[in-house]
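Trainee: Okay, handing you the structure first.
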Amino acid sequence: MNMRIKGQSSAAVSSILTPAALDFLVKLHRQFEPRRRELIAARTERQAQLDAGVKPDFLLETAHIRAGDWQISRLPADLLDRRVEITGPVERKMMINALNSGAKSFMADFEDSNTPTWDNQIEGQINVRDAYRREIGFTSPEGKVYALNVQTATLLTRPRGWHLLEKHLEVDGDVMSGSLFDFGLVVFHNLQYQLSQGSACYFYLPKMESHLEARLWNDVFTWAEQELQAPHGCIKSTVLIETILAAFEMDEILYELREHSAGLNAGRWDYIFSCIKKFRMDKDFCLADRSQITMAVPFMRAYSLLLLKTCHQRGAPAMGGMSAYIPVKSDPVANERAMTQVRADKERDAGDGYDGGWVAHPGLVPVAQAAWDAVLGDTPNQIGKQRPDVMSAASDLLNFQPESPITEAGLRGNISVGVQYLASWLAGMGCVPIHNLMEDAATAEISRSQIWQWLRSSKGVLIDGRKVTPELFHQWLPEEVAKIEAQGRYSATLTEAAKLFDQITTADEFVEFLTLPGYARIA
């Protein structure tokens with residue numbers, strides 16, 4: 001077996017990377033890595049078309065799928081009611097709290113809220129394995145004991161996206177896909193156990209840009225089921241629609257995964273980032289401050305309703321995305337403001353017909369629960385609520401408004417959030433509360449991509465008339481860093497984070513994902 005482990009060895013590593021597990025990963029790599037590379041190359045070709053002014057549209061060659069009368073396969077019992085889902089990284093204590101939160105489901109995240117250090121990936125796999133078997137526990141340094149309640153949330157895991165690698169494992173001289181590494185270890189260690197308990201392994205799939213990428217995931221699932229002698233279709237996956245290109249292929253994505261599908265999720269923050277990234281060279285494109293880009297603006301509303309309509313037409317759950325607000329224990333006024341925002345967000349999604357939505361903190365579960373209880377009662381979901389009234393056209397998905405205001409506070413806020421998040425990420429924590437919002441890689445991506453685009457767009461002008469320029473950015477960057485430093489946060493990684501944020505924000509070539517140069521620094 002031509003395989004090399006470059007990560008540090010330990011008893012924990014050996015318990016996950018067993019000889020049989022490594023053999024499984026090697027087979028996965030050899031079977032699917034060539035197609036993964038082809039699909040990543042196709043992304044580059046598609047971006048070149050967008051840069052040349054070719055607008056995305058619904059595909060002519062798949063019109064028969066959109067017009068067809070088909071539905072996804074029947075959902076398992078433990079995925080019928082998902083009215084509240086909580087998300088968080090694969091950190092042990094946070095997983096226990098999430099599983100005990102009262103939410104129906106919990107997405108344990110190997111991706112945007114997790115820094116992919118070798119220790120985090122291995123410990124995350126151990127935590128997932130122990131959670132499935134109800135053996136997960138934790139004792140804090142202060143002696144507080146964390147254990148699972150009798151009733152816990154249904155566990156789903158999110159592997160890394162197709163673009164990410166696991167540099168600590170090489171097969172045949174090539175670095176392994178992070179997606180296949182994360183997925184492979186979860187199913188190898190847990191699928192048969194879950195089947196013995198009357199369930200299976202369920203996943204969230206991130207960052208896809210086409211139905212061909214969904215087809216690859218479907219083939220991976222089918223291969224894994226055969227290799228592990230599991231029933232076909234037992235693995236289920238919910239796809240995050242968090243790229244503008246995937247929004248034009250939602251029917252096709254569901255169709256490709258129809259035997260393994262558990263619906264779609266409106267991944268709003270990455271979706272906004274994707275819109276900025278994909279149209280970064282379009283001189284007519286410009287978005288206002290991040291705070292102005294709500295789910296009520298035209299392009300976000302069109303995307304949200306089309307996802308809902310598409311899912312329910314195909315018998316699939318439609319899952320709402322994340323409101324970034326979190327409880328503010330130290331400030332009752334700010335806390336009530338946050339609760340009001342979350343309540344309005346969940347009531348809108350529930351009223352539209354969504355079957356559930358995400359929260360980032362256990363304290364928000366009751367707020368979201370109330371919103372869905374009000375419309376669901378004792379029924380598990382709203383899949384029967386069809387939306388023939390929704391007629392989102394390509395022009396609606398591309399109606400990028402508002403363009404203003406762009407403010408000094410918005411620009412400074414983007415600098416602050418981007419630097420703080422990178423400092424946290426480099427320190428090993430992939431989700432962090434900043435300014436009473438829960439930030440992960442997606443929201444940090446909005447921060448730096450907005451500045452990159454404002455610097456280059458003639459529309460990147462503050463409401464006071466000042467153009468967003470490199471000089472202005474370089475004036476305010478150290479000022480914002482000094483404010484962070486004065487708070488005593490991230491002392492070990494702040495300088496490196498500010499340097500990295502500067503580099504990726506002012507680089508001539510757009511960096512596809514901030515986690516790529518970040519990973520080069522931690523791997």
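The values are calculated or read from the model by the stated rules, or taken from the named source; none is laboratory data. All values derive from a computational prediction rather than experimental measurement. Glycine gets a Cβ as well: all are built from the backbone with ideal geometry, and neighbour counts include every protein chain shown.
Trainee: Quick one: in the range 202-218, of everything that is more than 18 Å from the chain's Cα centre (by Cα) and without any contact (Cβ under 8 Å) to a residue 60 or more places away in the chain, which residue is farthest from residue 28 (Cα to Cα)?
Mentor: 215
Trainee: Moving to a separate point now. For the range 398-407, state whether one or more residues are outside the structural domain of residue 296 (by TED's automatic domain parsing) and touching a Cys at 6+ places or on another chain (Cβ under 7 Å).
Mentor: Yes, there is a match, as at least one residue in the range 398-407 is outside the structural domain of residue 296 (by TED's automatic domain parsing) and touching a Cys at 6+ places or on another chain (Cβ under 7 Å).
Trainee: Taking the condition part of a helix (DSSP H, G or I), under 20 Å from residue 393 (Cα atoms) and over 19 Å from the mean Cα position of the chain (by Cα), does residue 302 pass?
Mentor: Here the answer is yes, as residue 302 does meet what is asked.
Trainee: Ok, one more. How about the range 208-233: which of its residues are assigned to a loop (DSSP other than H, G, I, E, B) and either aliphatic (A, V, I, L, M) or buried (at least 21 other Cβ atoms within 10 Å of the Cβ) (or both)?
Mentor: Result: 208, 209, 210, 228, 230.
Trainee: From 153, 200, 147, grab the single residue that is in contact with a Cys (Cβ under 6 Å, 6 or more places away or on another chain) and small (Gly, Ala, Ser).
Mentor: 200
Trainee: Still on this structure, please answer the following. Give 31, 49, 8 a once-over and let me know the one that is under 27 Å from residue 393 (Cβ atoms) and polar (S, T, N, Q).
Mentor: Every option except 49 fails the conditions.
Trainee: Now for a separate question. Name the one entry in 520, 507, 482 that is loosely packed, with under 15 Cβ neighbours inside 10 Å and under 22 Å from the mean Cα position of the chain (by Cα).
Mentor: 520
Trainee: Let me ask something else. Residue 329 is checked against (1) modelled with pLDDT under 95; (2) of a type in the set (Lys, Arg); (3) within 30 Å of residue 406 (Cβ to Cβ) and fails just one. What number does that condition carry?
Mentor: Residue 329 satisfies every listed condition except (3).
Trainee: In addition: Filter the range 14-57 down to residues that are aliphatic (A, V, I, L, M) and over 25 Å from residue 223 (Cα atoms), then give me how many there are.
Mentor: The total comes to 4.
Trainee: Let me ask you something else. So for the range 309-325 (the condition being assigned to a loop (DSSP other than H, G, I, E, B), out of contact with any strand residue (DSSP E or B) (no Cβ under 9 Å at 6 or more places or on another chain) and free of Cβ contacts under 8 Å to residues at least 60 places away in the same chain), does at least one residue qualify?
Mentor: The answer is no; no qualifying residue exists.
For (1) charged (D, E, K, R); (2) in contact with a helix residue (DSSP H, G or I) (Cβ under 6 Å, 6 or more places away or on another chain), each residue gets a yes or a no:
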residue: 204; (1), (2): no, no
residue: 211; (1), (2): no, yes
residue: 225; (1), (2): yes, no
residue: 258; (1), (2): yes, no
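Trainee: Shifting gears a bit: Just the residues that are surrounded by fewer than 20 Cβ atoms within 10 Å (Cβ to Cβ) and in contact with a Ser or Thr (Cβ under 7 Å, 6 or more places away or on another chain), please, taken from the range 291-307.
Mentor: The one that is surrounded by fewer than 20 Cβ atoms within 10 Å (Cβ to Cβ) and in contact with a Ser or Thr (Cβ under 7 Å, 6 or more places away or on another chain): 295.
Trainee: Looking at residue 157, is it under 18 Å from residue 99 (Cβ atoms), of a type in the set (S, T, N, Q) and part of a loop (DSSP other than H, G, I, E, B)?
Mentor: no
Trainee: Taking the stated definitions as given, is residue 259 under 20 Å from residue 211 (Cα atoms) and in contact with a His (Cβ under 6 Å, 6 or more places away or on another chain)?
Mentor: For residue 259, the condition - under 20 Å from residue 211 (Cα atoms) and in contact with a His (Cβ under 6 Å, 6 or more places away or on another chain) - is not met.
Trainee: What tally of residues in the range 96-137 results from selecting those that are part of a loop (DSSP other than H, G, I, E, B), closer than 23 Å to residue 363 by Cα and touching a residue at least 60 places away in the same chain (Cβ under 8 Å)?
Mentor: The total comes to 10.
Trainee: Still on this structure: Grab the helices (runs of 4 or more DSSP H) fully contained in the range 442-523, keeping just those with 3 or more residues being modelled with pLDDT of 95 or more.
Mentor: 470-486, 494-506
Trainee: Applying the selection to the range 478-523, what residues are at positive phi and without any contact (Cβ under 8 Å) to a residue 24 or more places away in the chain?
Mentor: If the condition is that a residue be at positive phi and without any contact (Cβ under 8 Å) to a residue 24 or more places away in the chain, then 488 is the only one that fits.
Trainee: Which members of the range 339-355 meet the condition of being crowded, with 23+ Cβ neighbours inside 10 Å and either touching a strand residue (DSSP E or B) at 6+ places or on another chain (Cβ under 6 Å) or assigned to a loop (DSSP other than H, G, I, E, B) (or both)?
Mentor: Of everything in the range 339-355, those that are crowded, with 23+ Cβ neighbours inside 10 Å and either touching a strand residue (DSSP E or B) at 6+ places or on another chain (Cβ under 6 Å) or assigned to a loop (DSSP other than H, G, I, E, B) (or both) turn out to be 342, 346, 349, 354, 355.
Trainee: A further question on this structure: Might you check whether a residue that is closer than 30 Å to residue 329 by Cα and surrounded by 15 or more Cβ atoms within 10 Å (Cβ to Cβ) occurs anywhere in the range 464-477?
Mentor: Taking every residue of the range 464-477 in turn, at least one turns out to be closer than 30 Å to residue 329 by Cα and surrounded by 15 or more Cβ atoms within 10 Å (Cβ to Cβ).
Trainee: Here's something else I'd like to know. Collect the residues in the range 362-415 that are small (Gly, Ala, Ser) and either without any contact (Cβ under 8 Å) to a residue 40 or more places away in the chain or assigned to a loop (DSSP other than H, G, I, E, B) (or both), keeping them in residue-number order.
Mentor: 363, 370, 371, 374, 377, 384, 392, 393, 395, 404
The rows are residues; the columns are (1) aromatic (Phe, Trp, Tyr); (2) in the same structural domain as residue 110 (by TED's automatic domain parsing); (3) under 28 Å from residue 442 (Cα atoms); (4) surrounded by 19 or more Cβ atoms within 10 Å (Cβ to Cβ).
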{"site": "140", "(1), (2), (3), (4)": "no, yes, no, no"}
{"site": "143", "(1), (2), (3), (4)": "no, yes, no, no"}
{"site": "150", "(1), (2), (3), (4)": "no, yes, no, no"}
{"site": "160", "(1), (2), (3), (4)": "no, yes, yes, yes"}
{"site": "180", "(1), (2), (3), (4)": "no, yes, yes, yes"}
{"site": "188", "(1), (2), (3), (4)": "yes, yes, no, yes"}
